[in-house]
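Below is one structure; the comments refer to it alone.
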Amino acid sequence: MFYTAGVRVEYREEPCKVALNRVKGMPFDWSLNPYMGCVHQCTFCYVRAFELRADRPYADRYGRSIRVKTNVVEVLRAQLARASWRNEPVAIGAATDPYQPAEGRYRLTRGCIEALGQAGTPFSIITRGPLIVRDVDVLADAARRVEVSVTFSVPSLDDEVWRKTEPGTAHPRQRLRALKILVDAGVRANVGMAPILPGISDKPSQLTNVVRAAREAGACGVWANLLYLRTGTREHFLDCLARDWPEELDRYERLYTSRAYLGAEHTKPIRAAVAELKREHGVRDRRRVRLEPEPPVIAEQLALSI
């Protein structure tokens, strides 16, 4: 048992039968999650909706029990060695952060990165964990062999927003410092401003602060998406909203009365504002001159599709 952000967490060491999972309805065909469950306790986490559908804890109990797939590296290497494997892109962290604190002890994500790079399989990572800098050596090595992209989730630099919505995470500026280290090592790293919360983290000054800081850290790209609330996530988020921003509760109940996604009238202005800020601050891949078009960033595609 361990404590993270004041929450008692149980770690269950359980082997897995498969490491790579084929997925449908996403902008990628294969996902990899060395852990299941996440201690970050983000109030808006979309995985809560999936946990509810699987009849697993999804509200306050989510993240209190973490499954550690102790043999995931060995299973992954076996899958990658199959004659049928075609080196299709793999998304790491679509269901749980691969650099949550457990990774400091178990080093499973690191082992998976080494296996993917050695097998010539491209991959992307999405994380809130600055622990990723420990693996800059294997990430840089993999990036010399295959397409590698890392997206750091930085919805806001506002301290109040961060503390209340991402209580188990490192400060967003620590993530930006980690991003700079990766970019300096030649790894493509981006900032994902998601989810932006209407009336809470969507002020022009708040958006500007993130984009400016991303550019200063050397981010190769920035993208944004607004909050979406599926059943499971919705109930938990609104409970937290009533506690932390009660004056916003009516607004959110109106916005999300009969839908999980906000319409274009809400999303387009925010994305347009972020796109303009990117142009204004000159956010682009500065690592080297590219002779071919950049591949799509899986994390951005994921955020726009779920």
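Okay, here's what the table says:
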item: 222 nm mean residue ellipticity, helices alone, for the chain (DSSP H n ≥ 4; -39,500 (n - 2.57); rounded to 500); result: -11500 deg cm²/dmol
item: Cα-based Rg / Dmax (Å) for the stretch 16-173; result: 15.6, 51
item: Point-to-point label distance, Asp250-Val136, nm (Cα→Cβ direction, 7 Å offset); result: 5.0
item: Most mobile listed residue (Thr257, Thr121, Thr231) in the chain, GNM with C-alpha springs under 10 Å; result: Thr257
item: Heavy-atom accessible area order for Tyr228, Tyr256, largest first, 1.4 Å probe; result: Tyr228, Tyr256
item: Whole-number accessible area per residue in Å² for the chain, which is evaluated in the context of all protein chains at 1.4 Å; result: 45
item: Cysteines having no other Cys beta carbon under 4.7 Å from their own, within the chain; result: Cys16, Cys38, Cys112, Cys220, Cys240
item: Electrostatic dipole magnitude of the stretch 107-188 [Cβ: Lys, Arg +1; Asp, Glu -1; Cα centre; debye, to 20]; result: 80
item: Top of Lys278, Lys203, Lys24 by mean-square fluctuation, Gaussian network on the chain, Cα under 10 Å; result: Lys24
item: Residues whose placed amide H lies under 5 Å from that of Cys38, excluding near-sequence neighbours; result: Gly63
item: Shape parameters for the stretch 39-123, alpha-carbon atoms, Rg then Dmax in Å; result: 14.8, 44
item: Whole-angstrom Cα spans of the chain along principal axes, big to small; result: 55, 46, 33
item: 5 angstrom amide H check on Ile196, placed H, neighbours 5+ away; result: Asn225, Leu226, Leu227
item: Under-5 Å amide H pairs with Ile126, H placed in peptide plane, nonlocal only; result: Ile92, Thr151
item: Only Lys, Arg (+1) and Asp, Glu (-1) charged, at Cβ; the chain dipole about Cα centre in debye; result: 580
item: Calculated from backbone phi, Karplus (6.51, -1.76, 1.60) coupling profile of the stretch 91-102 in Hz, x at Gly/Pro; result: 9, 9, x, 6, 10, 6, 5, x, 10, 6, x, 4
item: Sequence ranges 260-271, 122-133, 216-227, ranked by mean other-Cβ count within 10 angstrom, highest first; result: 122-133, 216-227, 260-271
item: Within the accessible area of the stretch 155-248 (1.4 Å probe), percent carbon and sulfur; result: 49
item: Most mobile of Ala83, Ala275, Ala91 in a GNM of the chain (Cα contacts under 10 Å); result: Ala83
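The values are calculated or read from the model by the stated rules, or taken from the named source; none is laboratory data. No experiment lies behind these values; they were computed from the predicted model shown. We place every Cβ from the backbone using ideal geometry, glycine too, and count neighbours over all the protein chains shown. Keep in mind that these areas ignore ligands, DNA and RNA; they rest on the heavy atoms of the full protein, side chains included. Shrake-Rupley method; radii C 1.70, N 1.55, O 1.52, S 1.80 Å.
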